[in-house]
Amino acid sequence: MEIKYRALCVKTEDYKENDKLITLVTAEQGKILASAKSVKKINSKLKLPCTSPCFGEYILTKNGGRHAIIGCSVEECFLGSWQDIKKYSATQIVLEALEKTTEEGIEASNELKNALISLAYINNEDISPFIFSLWFLTSLFADLGIDLKSHNTIPSKYQDLIISISGMEPSDLGTLEITSGELFKMFVFIGHLFLEDLSVHIYSIKEAQKLL
């Protein structure tokens with residue numbers, strides 16, 4: 001039986017000689033792990049859909065509880081994030097956080113929507129892309145019911161900045177005057193919160209801090 005999902009490819013892993021294991025995030029079913037056969041061959045039609053961060057309508061089959069990707073109509077592949085090291089780094093934060101905070105079989109419509117919004121801004125805007133990945137991380141806390149105001153371990157200056165970012169529309173983030181040093185510190189505190197509240201380590205944050 002074929003199933004279609006609009007999904008974001010958030011993670012890929014090599015599997016066997018020419019295959020890959022692909023992690024997709026869908027609105028309806030949350031995270032889905034699927035295989036992609038022969039995708040590493042040069043003439044594979046699945047090469048682009050099985051590259052993160054690709055978004056599109058994926059066609060899957062399911063056999064014995066395992067999914068396999070057999071086709072995809074690509075809607076967006078966020079090419080700008082492949083051509084700029086800072087945009088790439090900001091994109092990786094979004095993908096890793098989304099992959100690690102969604103679960104199989106549990107609806108993730110808001111998480112996916114906000115990820116796509118942040119990826120679009122990272123891809124298209126000329127201001128620091130890290131402000132949009134930070135916005136996405138704060139949106140995840142809201143989706144997971146974690147109150148940022150309740151954490152007394154964050155200095156008030158940075159807590160106020162983080163809360164301000166979480167309450168803004170992405171289109172307004174460019175009006176904020178935030179230094180690279182302030183972004184660095186906010187990522188430190190946000191990273192600690194993910195570890196403390198969710199037992200999740202976002203390794204991409206450390207890579208991003210090297211660029212700030």
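What follows is calculated from the coordinates using simple rules that are stated; it is not laboratory data. Please read these numbers as outputs of a predicted model, since none were measured by experiment. Reconstructed Cβ throughout: ideal geometry from the backbone, glycine too, with neighbour counts over all protein chains shown.
At each listed q (0.11, 0.17 Å⁻¹), what is the log10 of I(q)/I(0) that the Debye formula gives for region 2-76 modelled as equal alpha-carbon point scatterers? So the normalised log intensities are -0.21, -0.53. Close amide H contacts of H67 (hydrogens built in the peptide plane, cut-off under 5 Å, sequence separation of 5 or more or a different chain): S35.
Spin-label pair E76-S180: with each label point 7 Å from Cα along the Cα-Cβ axis, the two points sit 2.8 nm from one another.
Other residues within the sphere of radius under 15 Å centred on the Cβ of V200, judged by their own Cβ, net out at -3 (K and R +1, D and E -1).
Add -39500 (n - 2.57) for each DSSP H run of 4 or more in the chain, then divide by its residues: what number comes out at 222 nm, to the nearest 500 deg cm²/dmol?
Details: 6 runs with 84 residues, N = 212.
Mean residue ellipticity at 222 nm (helix-derived): -13000 deg cm²/dmol.
Give, as a single signed number, the net charge of other residues whose beta carbon lies under 15 Å from the beta carbon of D147, with Lys and Arg counted +1 and Asp and Glu -1. Present the calculation step by step, with values, prior to reporting the outcome.
Details: positive: K149; negative: D143, D160, E196, D197.
Around D147, the surrounding residues sum to -3.
A full extension of the chain between L195 and K149 corresponds to an added length of 14.9 nm, given 0.36 nm per residue minus the alpha carbon distance. Restricted to Cα atoms, region 1-135 shows a radius of gyration and a Dmax of 14.4, 47 angstrom.
Ranking of H67, H192 by neighbouring Cβ atoms within 10 Å, starting from the fewest: H192, H67. Grab the other residues whose beta carbon is less than 13 angstrom from that of S128, score K and R as +1, D and E as -1, and report the net. Local charge sum for S128: -3.
Over region 81-209, what per residue volume does the convex hull of the Cα atoms give, in whole Å³? Looking at region 81-209, the number lands at 101 Å³ per residue. Were the residues from E103 through E17 laid out at 0.36 nm apart, the gain over their Cα-Cα distance would be 28.2 nm. Spin-label pair T51-Q83: with each label point 7 Å from Cα along the Cα-Cβ axis, the two points sit 1.3 nm from one another. Rounded, prolate or oblate: pick one for region 145-212, where a ≥ b ≥ c are the square roots of the eigenvalues of its C-alpha gyration tensor, a/c under 1.5 means rounded, and failing that, prolate if a/b is larger than b/c, else oblate. It comes out oblate by the Cα gyration axes.
Working from the Cα coordinates of region 71-132, the gyration tensor eigenvalues give, after taking √(5λ), semi-axes of 21, 14, 10 Å in decreasing order. When M1, M186 are arranged by Cβ crowding within 10 Å, least crowded first, meaning fewest neighbours, the order is M1, M186.
Give me T12, T153 sorted ascending by neighbouring Cβ count inside 10 Å, so fewest comes first. If you can, show how the numbers build up before the last one.
Working: T12 16, T153 9.
Neighbour counts put them in this order, fewest first: T153, T12.
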